[in-house]
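Asker: Got a structure here, written out as structure tokens. Questions coming.
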Amino acid sequence: LVADITEIKQAQFTLQSMNQELELRTRQAESASAAKAQFLANMSHELRTPMNAVLGMLQLMRRTDLTPRQVDYVDKSQIAAKSLLSILNDILDFSKIDAGKMTLDPQPFQFSRLLDDLAVVLSASIGEKNIEVLFQVTSQFPKELIGDALRLKQILINLASNAIKFTDRGEVVIAVDSIASDEQRVTARFSIQDSGIGIPSDKLETIFEGFSQAEASTTRRFGGTGLGLAISRRFVELMGGQLTVHSELGKCSCFSFEVT
Ligand code: ADP
């Protein structure tokens, strides 16, 4: 009996020290991950300031006397600087989300203004493409809402820009339905349907992870960083919804979510 008790005590002691070791490792891993997220957030913030200065200077330079060739150089620099700034903004959002520091800022807003802004941004993405972008908004949808309009717009821009980017012909439909409402609240269903290249079924989950794309060739063929969906999914979750996707390879994709 004494031998049994000694064995049990020894086993308890081993288990305890293993537990302590595990707790220490977990704390170390958590603080390393928090430091990484903090570093990313600080870096992208530091990078944005000079980037904005470059953009401002280019705008001023555009107003001076320039030869047509110089105007072309300034225009191209502006396009590159804007695209770099949008990547920096995505990295900043992503690292904030990763560090658990992203919060929403709900305010009253006009829904039609949001759709107008969205249409302006999307018309630039369509370019020369032979596709039709349609807005299908249910007629009873309220005009004034309370929510984080900036983030809602960011989600819709991400999803609709992807739909346009990955579609060569046909249409992109941005639909807004009211699926439940009372005097105080409306639950809206947003869906963005395209007739584009589609997504392989084994990639339907991984595309929502940060820095991931469906194909290795996507960056080369279409550009992008693979952050848009990770950010959008998290924003939808912060709004109390879930971003889901259905797709048929070579035919269509449809991203949708519901928020109140
Ligand atoms: P990015 O567009 O910058 O690559 P996202 O996170 O927005 O990053 O998208 C991740 C990947 O998901 C894309 O690279 C693409 O492979 C796939 N994807 C997203 N939307 C669509 C779509 N509408 N049609 C086909 N593939 C898509």
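Asker: Do we find that residue 250 is open to solvent by 40 Å² or more (accessible area, probe 1.4 Å) and either on the phi > 0 side of the Ramachandran plot or in a strand (DSSP E or B) (or both) in this structure?
Answerer: In short, yes.
Asker: Of everything in the range 197-209 that's within 8 Å of the ligand (Cβ to nearest atom) and not in a helix (DSSP H, G or I), which residue is most open to solvent (accessible area, probe 1.4 Å)? Break it down into steps so the answer makes sense when it comes.
Answerer: Step one: of the range 197-209, the residues within 8 Å of the ligand (Cβ to nearest atom) are 197-199, 203, 207-208.
Next, only the ones that are not in a helix (DSSP H, G or I) stay: 197-199.
On the way: 197: 73, 198: 12, 199: 22 Å².
Only one residue fits best here, namely 197.
Asker: Within the range 112-144, count every residue that is open to solvent by less than 50 Å² (accessible area, probe 1.4 Å) and over 29 Å from residue 91 (Cα atoms).
Answerer: The number of residues fulfilling the criteria is 4.
Asker: Turning to a different aspect of this structure: Among the residues of the range 57-75, is there at least one that is modelled with pLDDT of 90 or more, under 22 Å from residue 161 (Cβ atoms) and exposed (fewer than 15 other Cβ atoms within 10 Å of the Cβ)?
Answerer: Keep residues of the range 57-75 that are modelled with pLDDT of 90 or more, which gives 57-75.
Those left that are additionally under 22 Å from residue 161 (Cβ atoms): 75.
Pick out the ones that are also exposed (fewer than 15 other Cβ atoms within 10 Å of the Cβ) and you get 75.
For the range 57-75, residues modelled with pLDDT of 90 or more, under 22 Å from residue 161 (Cβ atoms) and exposed (fewer than 15 other Cβ atoms within 10 Å of the Cβ): present.
Asker: Taking the stated definitions as given, is residue 188 surrounded by 21 or more Cβ atoms within 10 Å (Cβ to Cβ), aliphatic (A, V, I, L, M), farther than 20 Å from residue 138 by Cα and touching a residue at least 12 places away in the same chain (Cβ under 8 Å)?
Answerer: Spelling it out, it is not the case that residue 188 is surrounded by 21 or more Cβ atoms within 10 Å (Cβ to Cβ), aliphatic (A, V, I, L, M), farther than 20 Å from residue 138 by Cα and touching a residue at least 12 places away in the same chain (Cβ under 8 Å).
Asker: Do we have any residue at all in the range 150-173 that's closer than 21 Å to residue 239 by Cα, open to solvent by 40 Å² or more (accessible area, probe 1.4 Å) and more than 16 Å from the chain's Cα centre (by Cα)?
Answerer: Checking the range 150-173: not a single residue is closer than 21 Å to residue 239 by Cα, open to solvent by 40 Å² or more (accessible area, probe 1.4 Å) and more than 16 Å from the chain's Cα centre (by Cα).
Asker: Residues of the range 226-246 being over 13 Å from the mean Cα position of the chain (by Cα) and either on the phi > 0 side of the Ramachandran plot or within 7 Å of the ligand (Cβ to nearest atom) (or both), which ones?
Answerer: Result: 240, single match.
Asker: Would you please name the residue that is modelled with the lowest pLDDT, looking only at residues in the range 211-225 that are in a loop (DSSP other than H, G, I, E, B) and within 8 Å of the ligand (Cβ to nearest atom)? Working first, answer last.
Answerer: Residues of the range 211-225 that are in a loop (DSSP other than H, G, I, E, B), as a first pass: 211-217, 223-225.
Filter again for within 8 Å of the ligand (Cβ to nearest atom), leaving 212-215, 223-225.
On the way: 212: 75, 213: 79, 214: 77, 215: 73, 223: 69, 224: 75, 225: 78.
The residue in question is 223.
The values are calculated or read from the model by the stated rules, or taken from the named source; none is laboratory data. Just so you know, these numbers come straight off a predicted model, no measurement behind them. Cβ atoms come from the backbone with ideal geometry, glycine included; neighbour counts cover every protein chain shown. Just so you know, the surface numbers come from the protein's heavy atoms only, side chains and all, with ligands and any DNA or RNA stripped out. Shrake-Rupley method; radii C 1.70, N 1.55, O 1.52, S 1.80 Å.
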